[in-house]
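Notes for the one structure printed next.
The values are calculated or read from the model by the stated rules, or taken from the named source; none is laboratory data. Bear in mind the structure is a predicted one, so any value in this text is a computation, not a measurement. Because the Cβ atoms are built from the backbone with ideal geometry, glycine has one as well, and the counts that use them run over all protein chains shown. All accessible areas refer to the heavy atoms of the entire protein, side chains included, with ligands and DNA or RNA removed. Shrake-Rupley method; radii C 1.70, N 1.55, O 1.52, S 1.80 Å.
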Amino acid sequence: ASFGTEMIACMSFVQEGMIGVKNDEDKWGFANKDGEIKIKPKYSSVNYFSEGLAVVKDDDNDKTLVIDKDGKTVFTLKEDYHLLDTKEFHYGKLAVKDKDKDFYGFLNKKGEFTKVNGKVEAIGDYNDDYFVYCNEETEWGVKDMKGENVIKAKYDGIVLLSDGNFFVTKTDGDKTKCSVINKKGEEKVSFDDWRGASPFNDNFKFIGCTKSKYVLLNGKGEQVNKDDDSEFANINYELKRNSKVYSDYSEAKSEEAPATEEVTEVWEEQPAVAEGETTEDYFVEVSDLSDMTFNFTGSIGKYPIVMELTFSDLGNYDYCEVTGRYYYKSSGAGNYLTLYGVKAGDQLNLVESTTDGNVTGTFEGSMTIIGRFVTVNYTGKFTNSKGTTFNFDLTTD
């Protein structure tokens with residue numbers, strides 16, 4: 001669409017009739033699906049509209065705001081509130097952590113805060129009735145909105161299903177068990193025939209996988225079809241909400257990200273890591289290009305880390321090889337873990353390995369550059385070798 005001024009980027013899709021757009025002054029606003037500017041670009045970052053509201057950041061005034069579709073501020077978040085997960089309203093609630101008082105809760109659409117009862121180290125999925133929580137041992141359970149336990153915290157991961165049941169994962173040794181349980185903890189569906197499984201959508205309820213194939217499953221955990229056409233090398237069903245689309249014609253973009261040498265060989269992503277394999281099984285060499293290094297600080301879950309990443313060709317928006325290392329502050333700088341991966345667009349995925357090359361985890365997230373590399377944010381989910389998932393949030397500030 002034509003915006004009447006230079007727009008150099010936009011979000012990856014329209015939601016609730018609005019899409020975030022960025023001008024050549026690095027300010028974000030919103031346009032409608034016809035390309036008409038509805039909220040003037042003036043924010044340093046924006047999130048998708050959900051339930052009529054959007055969370056935006058105004059760095060000029062160091063404020064995080066919730067606005068409506070007319071661009072009016074509904075309320076301003078307290079400085080101590082840290083937003084969780086997608087930073088969008090769901091079921092009339094926005095999950096936050098009060099960093100000053102170190103507890104979790106929900107904001108309603110008026111900005112009123114309700115603390116969750118009981119000891120909670122993190123909040124995951126939630127709906128009108130329940131929320132998924134994490135305890136000090138990084139085990140996940142389910143509470144109702146009064147804070148009463150529904151499912152005891154003993155699982156590696158839990159997803160709330162639309163039928164009122166819960167999809168749970170639990171690692172035992174080198175095997176991860178996936179199943180569906182009800183609020184009494186009774187198993188309703190087992191995925192023992194599959195190496196792994198995950199919830200999908202209302203038509204095909206689940207995805208099952210082995211080392212070499214992915215299939216669609218019904219609500220009973222049964223394969224929908226059993227012919228060759230129903231088996232896939234991979235099923236990529238996660239919507240990349242943090243991805244951006246950039247203009248090919250923007251002078252600002254071409255100055256900020258000049259073209260460099262052409263990559264002659266590429267990184268190849270293979271099926272899931274099998275026991276005993278190393279990172280040498282998952283990467284091929286790439287051409288030596290000019291490097292750019294960033295130092296990040298932040299945390300994986302509640303654990304503070306320091307990370308160093310080197311990008312082989314950050315000027316190439318479509319592809320960039322990444323290497324690096326990081327350590328947990330509690331373990332000290334001498335205990336580094338090695339990182340290898342690829343940045344494609346805003347998406348940055350990394351494989352973690354020990355010094356002898358054994359794969360021990362993966363980072364999947366998005367990287368946001370503010371200004372001319374003044375600040376770089378890297379956020380997403382980290383999965384360890386046991387299949388346990390933690391949110392991570394890193395910044396160059």
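Descriptive notes on the structure:
- Pairwise Cα inverse-distance average, inverted: Kirkwood Rh of the stretch 96-239 (Å): 16.6
- The lysines whose alpha-carbon is closer than 23 Å to the alpha-carbon of Lys27, local same-chain residues fewer than 8 away aside, are Lys38, Lys40, Lys42, Lys57, Lys63, Lys69, Lys72, Lys78, Lys87, Lys240, Lys244, Lys253.
- If you plug the beta carbon distance of Lys72 and Asp129 into 1/(1 + (r/R0)^6) with R0 = 30 Å, you get a FRET efficiency near 0.45.
- Once the C-beta distance of Gln223 and Glu16 is scaled by a Förster radius of 22 Å, the resulting FRET efficiency is 0.05 to the nearest 0.05.
- Atom-type composition of the exposed protein surface of the stretch 5-84 places 40 percent of the accessible area on carbon and sulfur (1.4 angstrom probe).
- Per residue, the accessible area of the stretch 24-90 comes to 51 Å², computed with a 1.4 Å probe over protein heavy atoms only.
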